[in-house]
1. Extension gain residue 72-residue 17, at 0.36 nm per residue separation less the Cα-Cα distance, in nm?
2. Under a plain spin-label model, where a point goes 7 Å from the Cα along Cα-to-Cβ, how far apart in nm are residue 48 and residue 87?
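A short reminder: the numbers here are calculations on the coordinates, not readings from a lab. Bear in mind that the values here come from a model prediction, so they are computed numbers and not experimental data. Backbone-built Cβ (ideal geometry, glycine too); neighbour counts: all protein chains shown.
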């Protein structure tokens, strides 16, 4: 008969196997032989790129505000209509 692991033992064995694979893969990751300093111009361009990406994200959020307001107003209107209908139904009872 074959050897079967209980579910908890199996889960622990799978986790340990995963950790073992990660540890062995770490050995093969290339490490730079030397580190060159980044050009100040390149560093400034990267900062500019990051700030520009954030600005574009803010612009998108600002453009979405009117649509969000309209959507919220519509939800409020529908909820108000539902409450009115409930009150009318209760009055008819």
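1. Numbers: separation 55, 0.36 × 55 = 19.80 nm, distance 5.00 nm.
Difference between extended and current length: 14.8 nm.
2. So the two model labels end up 6.0 nm from each other.
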